[in-house]
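S.K.: Attaching a single structure in structure tokens format; questions to follow.
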Amino acid sequence: MLKQYLQFKLSQKLSPQQIQLMKLIQLPTQAFEQRLKQELEENPALENGKEESKDEFDDNMDEFDNSDDDFNDNETIEAEDINVDDYLSDDEIPDYRTQANNYSPDDEEKNVPYAAGTSFTQHLTNQLNTFRLNDDEYNIAEFLVGSVDESGYIRRSLGDIVDDLAFTQGVYTDEESVNQIFQIVHQLDPAGVGARNLQECLSIQLHRKKKHPDIELACDIIDKAFDQFTKKHYKKLLHKFDITEEQLKDAIEEIERLNPKPGGSYAGNNKRVVHVVPDFAIKIIDGKLDLTLNGRNAPELHVSREYSNMMKGYKEAKDKSKSQKDAVLFIKQKLDGAKWFIEAIKQRQQTLFVTMSSIMNYQKEYFLSGDERNLKPMILKDIADKIDMDVSTVSRVANSKYVDTPYGTKLIKEFFSESMTNDQGEEVSTREIKKILEIIIEEENKRKPLTDEKLATILKEKGYPIARRTVAKYREQLDIPVARLRKKI
């Protein structure tokens with residue numbers, strides 16, 4: 001037996017405009033500028049510069065919207081009849097086409113230059129011309145140079161290199177011949193380039209240095225006891241080479257001066273540095289916090305007067321042809337889009353400022369002192385409740401925006417942290433605990449570094465009862481190695 005049921009389901013869907021607004025809020029300053037440029041290019045009714053009277057624009061739009069007699073809902077409009085060119089002036093080019101006005105007057109325009117020198121690979125290849133090599137040797141050397149990665153290493157086995165030379169270069173050789181060419185590559189600058197592993201990289205650099213007892217001992221340590229050196233088994237090294245602690249310390253200092261990534265030292269490397277543009281700036285003025293939004297987030301947009309005049313001209317015309325009606329529908333669509341985008345930008349500015357202002361006030365003690373131990377536990381919901389916005393909106397602001405502070409440029413999401421209860425029953429930030437852990441490790445005796453268990457004991461004595469495994473997790477998040485690897489002579 002079939003039964004019918006009537007069920008009501010309440011659901012909420014975001015409008016396309018709301019989705020676009022959320023995307024705008026999420027954009028950091030540089031990406032926002034690109035989005036703004038795109039909108040200006042796609043909508044000729046939107047211009048960048050001094051804004052015209054909003055009342056004047058609204059009056060024109062209201063008058064058009066009330067002209068119900070001009071359009072008949074039953075009237076069919078053919079798209080191919082639209083002739084937009086009749087309503088656009090070819091004599092004037094809008095300002096946004098020729099200049100960038102989306103900067104605050106007090107902003108400094110800074111162009112970051114990039115060197116246009118030779119590439120790292122070309123730099124190495126040019127050096128091969130200083131060696132006497134026959135055609136096959138040169139081809140092998142050139143192939144090896146082309147295999148050097150950004151760090152300056154060749155991380156491929158001899159067998160793979162021999163096979164690739166045969167298949168791709170038509171050079172038939174053996175591992176011994178390739179190994180001989182490796183010795184030539186290892187003479188190139190910067191020292192250590194072309195090494196196949198860290199041990200070889202350090203060894204090449206040490207053997208290039210002027211002979212000295214400390215250098216010779218460093219060479220022996222890297223060449224004959226690399227494993228013991230990396231594991232910091234200093235007692236074994238003292239016994240193996242029959243040396244004093246002072247001699248070992250001097251040799252290790254020589255090793256620490258070497259460059260483990262020789263490729264990174266070349267200025268012509270292809271790797272570009274990403275420069276962060278702060279979305280906000282916090283300054284301390286007369287002991288009080290002052291927040292500003294980057295002026296590049298607040299462009300002076302306005303609706304094109306030319307498009308508004310077209311609307312006005314149509315309204316005042318006595319005889320309205322069908323082509324005029326078609327064109328004015330297009331104009332209205334562009335004007336509506338421009339008006340919405342302007343309002344969305346204003347709403348974006350307000351959302352960014354209100355959210356960051358709430359974060360700044362919540363973490364007032366930190367921003368006044370710069371001491372991470374003053375960071376209070378703070379989650380997204382704390383800020384969302386204060387500004388009466390959705391958690392997802394706060395997340396969009398925090399995850400992609402930077403703030404310039406007296407203590408450096410910070411990613412906003414770094415100010416958020418979970419909390420734990422100390423032995424006084426107070427809620428403290430996990431960031432505070434990490435900072436204290438970092439200080440404890442910095443001040444430890446490097447001859448006898450503290451184990452995670454000992455660190456947990458010290459933190460407990462300071463009023464932070466956390467388990468050893470939690471200490472290990474925080475230590476790894478701080479990118480601090482285990483006790484054995486922190487040991488020094």
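S.K.: Out of the residues in the stretch 178-195 meeting the condition of being part of a loop (DSSP other than H, G, I, E, B) and of a type in the set (A, V, I, L, M, F, W, C), tell me which one is surrounded by the most Cβ atoms within 10 Å (Cβ to Cβ).
M.R.: Looking only at the stretch 178-195, we keep the residues that are part of a loop (DSSP other than H, G, I, E, B), and these are 186-194.
Pick out the ones that are also of a type in the set (A, V, I, L, M, F, W, C) and you get 188, 191, 193.
Numbers: LEU188: 24, ALA191: 20, VAL193: 28.
Among them, the one singled out is VAL193.
S.K.: Still on this structure, I have one more. Name the pairs whose Cβ atoms lie under 7 Å apart, with the first residue in the stretch 181-200 and in contact (Cβ under 8 Å) with a residue 12 or more places away in the chain and at positive phi, the second crowded, with 17+ Cβ neighbours inside 10 Å and part of a helix (DSSP H, G or I), and 6 or more positions between them or separate chains?
M.R.: Sorted first by the residue in the stretch 181-200, then by its partner, the pairs are GLY192/CYS201; GLY192/ILE204; GLY192/GLN205; GLY192/PRO262; GLY194/LEU144; GLY194/PHE182; GLY194/VAL185.
S.K.: Still on this model: Could you tell me which residue of the stretch 196-221 is surrounded by the fewest Cβ atoms within 10 Å (Cβ to Cβ), considering only residues that are of a type outside the set (A, V, I, L, M) and in contact with a Gly (Cβ under 9 Å, 6 or more places away or on another chain)? Quick ask: steps written out before the conclusion?
M.R.: Let us first name the residues in the stretch 196-221 that are of a type outside the set (A, V, I, L, M), namely 196-197, 199-201, 203, 205, 207-214, 216, 219-220.
Going one step further and asking which of them are in contact with a Gly (Cβ under 9 Å, 6 or more places away or on another chain), we end up with 200-201, 203, 205, 208.
Working: GLU200: 19, CYS201: 25, SER203: 20, GLN205: 24, ARG208: 13.
For the stretch 196-221, the residue satisfying everything is ARG208.
S.K.: Okay, next question. Tell me, which residue of the stretch 222-247 that is within 19 Å of PRO481 (Cβ to Cβ) and part of a loop (DSSP other than H, G, I, E, B) is most open to solvent (accessible area, probe 1.4 Å)?
M.R.: The selected residue is LYS231.
S.K.: A further question on this structure: Would you check which residues across the stretch 273-292 are in contact (Cβ under 8 Å) with a residue 24 or more places away in the chain, open to solvent by 50 Å² or more (accessible area, probe 1.4 Å), assigned to a strand (DSSP E or B) and under 23 Å from ARG348 (Cα atoms) and list them?
M.R.: LYS283
S.K.: Out of the helices (runs of 4 or more DSSP H) lying entirely within the stretch 375-489, which hold 2 or more residues that are in contact with a Phe, Trp or Tyr (Cβ under 9 Å, 6 or more places away or on another chain) and at pLDDT below 85? Walk me through how you get there before you give the answer.
M.R.: Working: elements: 380-387, 391-400, 430-442, 452-461, 468-477, 483-486.
It comes to 430-442.
S.K.: Can you tell me how many residues in the stretch 225-241 are touching a residue at least 12 places away in the same chain (Cβ under 8 Å) and within 30 Å of GLY146 (Cα to Cα)? Before the answer, list the steps.
M.R.: To start, the set of residues in the stretch 225-241 that are touching a residue at least 12 places away in the same chain (Cβ under 8 Å) comprises 225-226, 228-229, 231-232, 234, 237, 240-241.
Next, from what is left, pick out any that are within 30 Å of GLY146 (Cα to Cα): 226.
Residues flagged as touching a residue at least 12 places away in the same chain (Cβ under 8 Å) and within 30 Å of GLY146 (Cα to Cα) within the stretch 225-241 amount to 1.
S.K.: Sticking with this structure for a sec: Going through the stretch 434-457 one residue at a time, which ones are free of Cβ contacts under 8 Å to residues at least 40 places away in the same chain and of a type outside the set (D, E, K, R)?
M.R.: First pass over the stretch 434-457, keeping only residues free of Cβ contacts under 8 Å to residues at least 40 places away in the same chain: 439-440, 442-443, 445, 448-457.
Passing the criteria: ILE439, ILE440, ASN445, PRO449, LEU450, THR451, LEU455, ALA456, THR457.
The values are calculated or read from the model by the stated rules, or taken from the named source; none is laboratory data. Just so we're clear, the structure is a prediction, and the values are computed from it rather than from any experiment. When we count neighbours, we look across all protein chains shown, and the Cβ atoms used for this are built from the backbone with ideal geometry, even at glycine. Keep in mind that these areas ignore ligands, DNA and RNA; they rest on the heavy atoms of the full protein, side chains included. Shrake-Rupley method; radii C 1.70, N 1.55, O 1.52, S 1.80 Å.
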